[in-house]
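Structure first, then comments.
The values are calculated or read from the model by the stated rules, or taken from the named source; none is laboratory data. This structure is a prediction, so every number in the text was calculated from the model and none was measured. Every residue, glycine among them, receives a Cβ derived from its backbone with ideal geometry; neighbour counts consider all protein chains shown. Quick note on the areas: whole protein, heavy atoms, side chains included, nothing else; ligands and nucleic acids left out. Shrake-Rupley method; radii C 1.70, N 1.55, O 1.52, S 1.80 Å.
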Amino acid sequence: MKRKPDCLFCKIIAGEIPSYKVYEDEKIYAFLDISQGTRGHTLIVPKAHADSIYDLEEAHAAALFALVPKLSNQLKRAFNPIGINLISNNEQPYQTVGHFHLHLLPRYEGDGLTLSMVNRQSDYDQQAYVEVLDTIKAAQ
Ligand code: AMP
Ligand code: ZN
C-alpha cells in the first residue's frame, strides 16, 4: 500500500494512531472525524496515499465513492439527520490534512453550520457561460 512518511491518515490507516473506525475494506478506511462538526461526522479515505483529488487513482476513487450511499444511509438510520453534506477540501484554502478525504457531514436543524453556495448567475450572459465551457473543454 502506498504510504507517505509522516502522513497522519496513513498512520491512522496503519493503526499507529488510534481512530474510531466506522468501516474498513481492502482499499478504503472510514472513521469518525475527531472534530465531530455535527454528530456522526465521518471521513472516508483511500488506504493508498493520495495528497488530494488531483492524484487520486480512478480505481481508488471508484471504490471510495461506491461506498458513499451505503455509509450515508447508515448515518441516516443512526442519527435521523435532516440531510447530509459531502465535502472534500483539496489544497487551498481549506485542506488541512494532505491525504485525500471525503467528509460525510450529517445535518441537523439548528446545527449552526453555514456552508452555502453563492448564486452569481446575474454576472453571466450566454457568452460568459460558453467562455467557461470552452476553457474547460480546452483543458481536457
Ligand atoms: P480538512 O480540513 O478538510 O483537510 O479535514 C481534515 C479533518 O481531519 C478535520 O475535520 C479534522 O478534524 C480531522 N482530523 C484531524 N486529526 C484527526 C484525527 N486524529 N482523527 C480523526 N480526525 C482527525
Ligand atoms: Zn497518507
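Brief remarks on what is shown
- Checked against (1) more than 20 Å from residue 54 (Cβ to Cβ); (2) open to solvent by less than 100 Å² (accessible area, probe 1.4 Å), residue 100 meets all criteria but (1).
- Unique match (being in a loop (DSSP other than H, G, I, E, B) and open to solvent by less than 60 Å² (accessible area, probe 1.4 Å)) among 119, 90, 85: 90
- Looking only at residues of the range 103-116 that are of a type in the set (D, E, K, R) and part of a loop (DSSP other than H, G, I, E, B), we find that the one that is least open to solvent (accessible area, probe 1.4 Å) is 111.
- Meets criteria (in a loop (DSSP other than H, G, I, E, B), surrounded by fewer than 19 Cβ atoms within 10 Å (Cβ to Cβ) and in contact (Cβ under 8 Å) with a residue 24 or more places away in the chain) for residue 76: no
Results for (1) in contact (Cβ under 8 Å) with a residue 24 or more places away in the chain; (2) under 27 Å from residue 115 (Cα atoms); (3) away from ligand 2 (no atom under 16 Å from the Cβ); (4) more than 12 Å from the chain's Cα centre (by Cα), shown as yes or no for each residue.
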| residue | (1), (2), (3), (4) |
| --- | --- |
| 6 | no, no, no, yes |
| 9 | yes, yes, no, yes |
| 49 | yes, no, no, yes |
| 81 | yes, yes, yes, yes |
| 92 | no, yes, yes, yes |
| 100 | yes, yes, no, no |
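- The one condition from (1) surrounded by 15 or more Cβ atoms within 10 Å (Cβ to Cβ); (2) within 16 Å of ligand 2 (Cβ to nearest atom) that residue 37 does not meet is (2).
- Total residues in the range 1-50, condition closer than 18 Å to residue 91 by Cα, out of contact with any helix residue (DSSP H, G or I) (no Cβ under 7 Å at 6 or more places or on another chain) and within 11 Å of ligand 1 (Cβ to nearest atom): 3
- Just one of (1) open to solvent by less than 50 Å² (accessible area, probe 1.4 Å); (2) touching a strand residue (DSSP E or B) at 6+ places or on another chain (Cβ under 8 Å); (3) over 21 Å from residue 116 (Cβ atoms); (4) within 16 Å of ligand 2 (Cβ to nearest atom) fails for residue 24. It is (1).
- Pairs where the first residue, in the range 24-39, is in contact (Cβ under 8 Å) with a residue 40 or more places away in the chain and the second is of a type in the set (Val, Ile, Thr) and more than 15 Å from ligand 2 (Cβ to nearest atom), C-beta under 9 Å, 6+ apart: 30/22; 30/42; 33/42
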